[in-house]
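Undergrad: Let me give you the structure first, and then I'll get to my questions.
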Amino acid sequence: MAQTDIAVAERTEPAEAVAEPAADDTVKPATNAVALIVVLVAGAATSLFFGAYGRIHDPTGETTLTLFFTSTISLKVWFTTVAIVFALIQILTALRLYGKIKVPHKFPKWLGDVHRLSGTLAFVFTLPVAFHCLWALGFASDASDPRTYIHSIAGCAFYGLFVVKVLSVRIHDLPKWLLPVAGSVTFAALIVLWSTSSLWYWQNVSFPGV
Amino acid sequence: MLKRIVNVVEVLALAGFVIFVLLLFTDQPASNSAAAPPSSSSSSSSSSGGGSNSSNSSNPSSSSGGGGQIDGAAIYDDKCSGCHGSKGQGAIGPKLNGGSVTKSFKNPADEVIVVKNGRGSMPSFGDQLSDEQIQAVVDFTRNGLQQR
C-alpha cells in the first residue's frame with residue numbers, strides 16, 4: 001500500500017497532460033501479460049489466504065480493541081465509516097488526477113499527496129476491523145445469512161483487490177485500464193463491507209452506537 | 001513536507017499490515033486461558049476455580065467472590081459481550097436481554113449446545129470453555145443479564 005498511490009500521483013502528471021493531443025498514439029507501450037497475470041494471481045492469493053484463514057481458524061469470539069468506544073463492535077462500525085470517508089476522498093482526488101472532474105479548477109500541487117494519504121489512511125482504518133472479523137468471528141459461510149456471507153466474501157475480496165491496485169501502481173507496463181478498474185472495484189468492495197456492517201448496525205442495533 | 005508525511009504514513013501502514021498478519025497467527029488464545037483460570041483472564045473480575053455451575057443464578061452478576069464458583073458475568077463480558085452487547089442488547093449477535101434468550105431457548109440445555117458448538121456465524125466455545133463455564137455463562141444470560 002505504502003507505495004500504492006505514488007504511481008497514481010506519478011501518473012497524475014501524464015494524466016494532466018492527457019488533455020494534450022496524444023501525439024504518439026500509434027506507439028503504444030507493450031503491456032506485459034506475464035506481469036498482469038502475476039498481479040492478478042497475487043490478488044487472488046491474498047483473498048484466498050484471508051478466506052482460508054477465516055474458515056480454518058477457530059474464531060475466538062473475544063473482543064479486541066475498544067479505545068474510547070463502548071465495545072469493539074462500535075469501534076469497528078466507526079472505523080469502517082472513517083475508512084469510507086478517506087476512500088471517498090481518494091476516489092474524488094483520483095477523478096481529478098485523471099481529469100474526469102475539473103474541481104478544483106486549478107490543479108493543486110498537493111493533490112497527489114492527499115490522494116496517497118487518504119488511501120493509506122483508509123487502508124489503515126480497515127486493519128483493526130479486519131483483525132477482529134478474522135480472528136474473533138471468522139468467515140461466515142452460512143449462506144442462509146446473506147449479510148454476513150456477503151460481508152465475509154467482500155472482506156476477503158477487498159484485500160485481494162487492494163493488492164492488485166497497489167501492484168498496478170508500482171508495475172508500469174500493465175494495461176492502462178487496470179489501475180482505475182482496480183481502484184474502483186476496491187472502493188466498491190469497501191462500500192459493500194460498510195453497507196453490510198456499519199449501515200446495518202445503525203439501522204438494526206443503534207445509532208450512533210459509540 | 002506533506003510528501004514526507006505521506007511517506008512516513010505509508011511506511012507505518014505497511015508495518016501495520018505486517019503486524020496485522022502476524023497477530024492473526026501469534027495472538028491465538030490458549031484454550032481456556034481467557035476466562036478459565038482466575039488470574040489469566042483479561043477481565044479483572046473473573047475468578048473461577050472449577051467449581052460447580054449454576055449457583056450463579058441467585059446472584060449472577062457478582063458471584064465470583066467465593067472460592068470455587070465460576071463467574072458467568074465475567075465470562076460473558078470476555079467472550080460474549082463483543083457480539084451480543086454488554087447488556088445483552090444485541091449487536092452483531094442477537095439480543096439476549098429482555099427475555100429474548102429464554103424465549104429462544106426454553107430449555108437451557110439447548111442454549112448450552114449452541115454455546116458449545118456454535119451456530120451460524122456464532123463461534124463454538126466448546127474448546128475454550130469448560131462445561132461448567134458454559135453452564136455458568138448460560139445461567140448468567142438467563143438470569144443475571146436481565147438485571148443489568
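Undergrad: With the requirement that a residue be aliphatic (A, V, I, L, M) and more than 18 Å from residue A:122 (Cα to Cα), what does region A:74-107 give you? If you could, list the steps in order and put the result at the bottom.
TA: First, the residues of region A:74-107 that are aliphatic (A, V, I, L, M): A:75, A:77, A:82-85, A:87-89, A:91-92, A:94-95, A:97, A:101, A:103.
Scanning region A:74-107 gives A:97, A:101, A:103.
Undergrad: How about region B:84-110: which of its residues are surrounded by fewer than 24 Cβ atoms within 10 Å (Cβ to Cβ), touching a residue at least 12 places away in the same chain (Cβ under 8 Å) and not in a loop (DSSP other than H, G, I, E, B)?
TA: Once the filter is applied, which keeps residues that are surrounded by fewer than 24 Cβ atoms within 10 Å (Cβ to Cβ), touching a residue at least 12 places away in the same chain (Cβ under 8 Å) and not in a loop (DSSP other than H, G, I, E, B), region B:84-110 yields B:100, B:101, B:102, B:108.
Undergrad: Still on this structure: Please state which one of A:111, A:134, A:97 is surrounded by 15 or more Cβ atoms within 10 Å (Cβ to Cβ), at the interface with another protein chain (Cβ under 8 Å from one of its Cβ atoms) and not polar (S, T, N, Q).
TA: The unique qualifying residue is A:134.
Undergrad: Have a look at A:109, A:76, A:102 and point out the one that is within 30 Å of residue B:80 (Cα to Cα) and among the charged types (D, E, K, R).
TA: Criteria check complete, one pass: A:76.
Undergrad: Which members of region B:1-14 meet the condition of being aliphatic (A, V, I, L, M) and more than 9 Å from chain A (Cβ to nearest Cβ)?
TA: Once the filter is applied, which keeps residues that are aliphatic (A, V, I, L, M) and more than 9 Å from chain A (Cβ to nearest Cβ), region B:1-14 yields B:1, B:8.
Undergrad: Is it true that residue B:75 is within 27 Å of residue A:54 (Cβ to Cβ), surrounded by 16 or more Cβ atoms within 10 Å (Cβ to Cβ), among the β-branched types (Val, Ile, Thr) and touching a His at 6+ places or on another chain (Cβ under 9 Å)?
TA: Details: within 27 Å of residue A:54 (Cβ to Cβ): yes; surrounded by 16 or more Cβ atoms within 10 Å (Cβ to Cβ): yes; among the β-branched types (Val, Ile, Thr): yes; touching a His at 6+ places or on another chain (Cβ under 9 Å): no.
So residue B:75 fails the test.
Undergrad: Given the conditions (1) away from chain A (no Cβ under 14 Å); (2) at pLDDT 75 or above; (3) out of contact with any helix residue (DSSP H, G or I) (no Cβ under 8 Å at 6 or more places or on another chain), which single one is not true for residue B:68?
TA: The failed condition is (2).
Undergrad: While we're looking at this one, here's another question. Is it the case that some residue within region A:60-77 is more than 21 Å from the chain's Cα centre (by Cα) and of a type in the set (Lys, Arg)?
TA: No, region A:60-77 has no match at all.
Undergrad: Just a yes or no: is a residue in region B:116-136 small (Gly, Ala, Ser), assigned to a helix (DSSP H, G or I) and more than 26 Å from residue A:144 (Cβ to Cβ)?
TA: Yes, region B:116-136 contains at least one residue that is small (Gly, Ala, Ser), assigned to a helix (DSSP H, G or I) and more than 26 Å from residue A:144 (Cβ to Cβ).
Undergrad: So residue A:126 fits all but one of (1) at pLDDT 95 or above; (2) touching a Cys at 6+ places or on another chain (Cβ under 8 Å); what number is the exception?
TA: (2)
Undergrad: Now for a different question. Working carefully through the options A:103, A:82, A:41, find the one that is in contact (Cβ under 8 Å) with a residue 12 or more places away in the chain, more than 7 Å from every other protein chain (Cβ to nearest Cβ) and either surrounded by fewer than 20 Cβ atoms within 10 Å (Cβ to Cβ) or on the phi < 0 side of the Ramachandran plot (or both).
TA: Residue meeting the stated conditions: A:82.
The values are calculated or read from the model by the stated rules, or taken from the named source; none is laboratory data. Just so you know, these numbers come straight off a predicted model, no measurement behind them. Methodologically, a virtual Cβ is constructed for each residue, glycine included, from the backbone with ideal geometry; neighbour enumeration extends over all protein chains shown.
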